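Okay, structure first, notes after.
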Amino acid sequence: MKSTQHLLLILLSGCFLFLGCGSESNSSNESDSKQEVVLGKIAIDNAWARPGSQQGKSAAYLRISNGTASTDTLLSFSSDAAENVELHESIEHDDGTTSMQPAGQQVIPSGEKLRLQPGGLHLMLINLKRDIAVGDSLQISLEFARVGTITAIAPVQIQQ
Ligand SMILES: [Cu+2]
């Protein structure tokens, strides 16, 4: 009985977390709330990628919501449009310049979101297999330690 109540509490606090995030994103960006966190699964939404040229680079962004009861860890990334996909983070220096570096392993606790967005974490699409232009779309696959691989479709846009 006690453990049931405990579980209920966890579920309830999880719901409040999601509601909080939802209303916050509603005010800032309508499209940000198209898909809300779905309990029981890891969801990816708001995926998009910048245009790029064959053999060149591009960056892709998305939001990951962990609606499962467990922490999960991002292991690897791939795309049908690039030979190699790396997780990077942008860093702003004191002199105003920015650079980027490979980001460490990302752990997403239950009920939390991870945002990949300009100026922060992003997926670097390296050695593009084809030109990607506005109006195209590409696949981005994320491999998680627990739930396995999830593939999202990312439209190519200039900005979100
Ligand atoms: Cu980068």
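Each value in this text was obtained by applying a stated rule to the coordinates, not by laboratory testing. Treat the numbers as computed from the prediction; the structure is a model and nothing was measured. Note that each Cβ is placed from the backbone with ideal geometry, even for glycine, and that neighbours are counted across all protein chains shown.
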Q: Could you work out how far apart the two model spin labels at residue 149 and residue 71 are, taking each label as a point 7 Å from the Cα in the direction of the beta carbon, and quote it in nm?
A: 2.6
Q) Does the stretch 37-155 classify as rounded, prolate or oblate by the C-alpha gyration tensor (a ≥ b ≥ c root eigenvalues; a/c under 1.5 gives rounded; else a/b over b/c gives prolate, otherwise oblate)? A) oblate
(Q) Suppose the Debye formula is applied to equal point scatterers at every Cα of the stretch 115-160; what is log10 I(q)/I(0) at q = 0.20 Å⁻¹? (A) -0.85
Q: Mind sorting 140, 126 by how few other Cβ atoms lie within 10 Å of their own Cβ, fewest first?
A: 126, 140
Q: Mind giving me the nanometre distance, one decimal, between the label points for residue 158 and residue 90, set 7 Å out from Cα along Cα→Cβ?
A: 1.6
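Applying a 10 Å radius around every beta-carbon, put 106-113, 145-152 in order of their mean neighbour count, most first.
Details: 106-113: 16.5, 145-152: 13.6.
So the order, starting with the most tightly packed, is 106-113, 145-152.
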**Q.** Label point distance in nm, residue 99-residue 137, each placed 7 Å from Cα along Cα→Cβ
**A.** 3.8
Q. So, with +1 on the Cβ of K and R and -1 on the Cβ of D and E, and no other charges, what is the size of the charge dipole of the stretch 37-155 about its Cα centre, to the nearest 20 debye?
A. 360
Q.
Less than 15 Å Cβ to Cβ from residue 146, Lys/Arg counted +1 and Asp/Glu -1: what total charge do the surrounding residues give?
A. -2
